[in-house]
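Below is one structure, written out as structure tokens; comments come after it.
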Amino acid sequence: MLAIDLTGKRALIAGVSDDGGFGFAIAKALAQAGASICLGSWPPALGIFHKLLERGKMEESLRLSDGRKLEFERIYPLDAAFDRLDDASPDIRDNKRYKEQGDFSIEGMAARIRDDFGDRGLDIVVHSLANAPEVKNPLLETSRAGYLSAVSVSAYSNISLVRHLAPMMRPGGAFLSLTYMAGERVIPGYGGGMSSAKAALEADTRTLAFEAGRKWGVRVNAISAGPWASRAASAIGFIHTMIAYTTANSPLARAIDAAEVGHTAAFLLSPLAAAITGSVIYVDNGYHTMGMAVAPPASGTPE
Ligand SMILES: NC(=O)c1ccc[n+]([C@@H]2O[C@H](COP(=O)([O-])OP(=O)(O)OC[C@H]3O[C@@H](n4cnc5c(N)ncnc54)[C@H](O)[C@@H]3O)[C@@H](O)[C@H]2O)c1
């Protein structure tokens, strides 16, 4: 039988702080394939996440299909807006959610991983995070600071993760990020520079695949996922409309499930995908292929 086997591999998933998003679904799929899982979690959400885990509030969602429970080897504090601790303002560093966390920058997380697992302790890195302070503003009404923040947190952070973590990858190492079609086509309402950030993330996937492939032999891919009502997506405000629209207008007329993204991630991050790099793979029921809506417009059937 041809199986996805990640036994003995260690994955870091950056961008998990509850059980509702793609990062969590990917963690489950990778664990099911045998990998051990470390997380990078955003300090403002870390306290609640720890509490949910400690109080057993996530027992059901931590259950793997083979009956085992998903365990996290480490949960590192990570604010992907910062490459070095010095980059964070005193306001952030003194904030009560950050103060006790030690070095929460990308460099700090890389140093902790090295301390915990040695110079070559990683096989898989997943970037499953995004943030745009002005996501509800159309691009035309996005401030320069808001735009740069969206691109910094949601796209540059992937470059920084590759730079800091690729040297610690064992042979066969693979990176993956999550993107959305708004980087290629207009999705009204996906604002604040998030569409620009996704376009950058996808372009960078190709360039990083080349540069990091030549330098460290690692692979770099992205999954372009269909809409899913995670916490981050729900914050945009019209995720259920997006799901209904793509369900009505996709070749496969149904909504995606986060587990399907998890399974594709497990394949892309496994030796079975050893020759795939620099690719953006759609997990969207084929919606990206459509050039015209199937469902009649709300105002009625066109003449
Ligand atoms: N949900 C969708 O419809 C959809 C579709 C396509 C792509 N994506 C992408 O999938 C990825 C995961 O998002 P999700 O929708 O599963 O939601 P999610 O809420 O599970 O994940 C987003 C995570 O980003 C973290 N985060 C925000 N700012 C951060 C920072 N500065 N440093 C570190 N972490 C930070 C949040 O704490 C959260 O854990 C994102 O890149 C998102 O754009 C989502």
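Taken together, the values in this text are just the output of simple stated rules run on the coordinates, not laboratory data. Values in this document were obtained by computation on a predicted structure and should not be read as measured data. Cβ placement follows ideal geometry from the backbone for every residue including glycine, while neighbour counts extend to all protein chains displayed.
Residues that are within 13 Å of the ligand (Cβ to nearest atom), buried (at least 23 other Cβ atoms within 10 Å of the Cβ) and not aromatic (Phe, Trp, Tyr): does region 158-167 have at least one? Yes, region 158-167 contains a residue that is within 13 Å of the ligand (Cβ to nearest atom), buried (at least 23 other Cβ atoms within 10 Å of the Cβ) and not aromatic (Phe, Trp, Tyr).
Restricting attention to region 179-191, the residues that are in contact with a Phe, Trp or Tyr (Cβ under 7 Å, 6 or more places away or on another chain) and outside any helix (DSSP H, G or I) total 1.
Over 30 Å from ALA274 (Cα atoms) and under 14 Å from the mean Cα position of the chain (by Cα) - does that describe any residue in region 24-44? Yes, that holds for at least one residue.
Scanning region 206-233 for residues that are farther than 20 Å from ALA11 by Cβ and among the aliphatic types (A, V, I, L, M) turns up ALA229, ALA232, ALA233. Here the helices (runs of 4 or more DSSP H) wholly within region 208-303 that include at least 3 residues being surrounded by 12 or more Cβ atoms within 10 Å (Cβ to Cβ) and over 16 Å from the mean Cα position of the chain (by Cα) are 239-249.
May I ask you to list the residues in region 214-247 that are within 30 Å of MET168 (Cβ to Cβ), more than 11 Å from the ligand (Cβ to nearest atom) and without any contact (Cβ under 8 Å) to a residue 60 or more places away in the chain? Answer for region 214-247, where residues must be within 30 Å of MET168 (Cβ to Cβ), more than 11 Å from the ligand (Cβ to nearest atom) and without any contact (Cβ under 8 Å) to a residue 60 or more places away in the chain: ARG214, LYS215, TRP216, GLY217, VAL218, ARG219, VAL220. Every condition in (1) within 21 Å of TYR282 (Cα to Cα); (2) away from the ligand (no atom under 16 Å from the Cβ); (3) of a type in the set (S, T, N, Q) holds for ASN137 except the one numbered (1).
Here region 108-123 is the region considered, the condition is being more than 16 Å from the ligand (Cβ to nearest atom) and not charged (D, E, K, R), and the residue that is surrounded by the fewest Cβ atoms within 10 Å (Cβ to Cβ) is GLY118. Scan region 71-86 and give yes if some residue there is exposed (fewer than 13 other Cβ atoms within 10 Å of the Cβ) and within 18 Å of ASP19 (Cβ to Cβ), otherwise no. Yes, region 71-86 contains at least one residue that is exposed (fewer than 13 other Cβ atoms within 10 Å of the Cβ) and within 18 Å of ASP19 (Cβ to Cβ).
The set of residues from region 60-89 being of a type in the set (A, V, I, L, M) and under 17 Å from ALA110 (Cα atoms) comprises ILE75, LEU78, ALA80, ALA81, LEU85, ALA88. Would you pick out the residues in region 131-150 that are closer than 14 Å to ASP79 by Cα and among the aliphatic types (A, V, I, L, M)? Residues satisfying the conditions are ALA132, ALA150.
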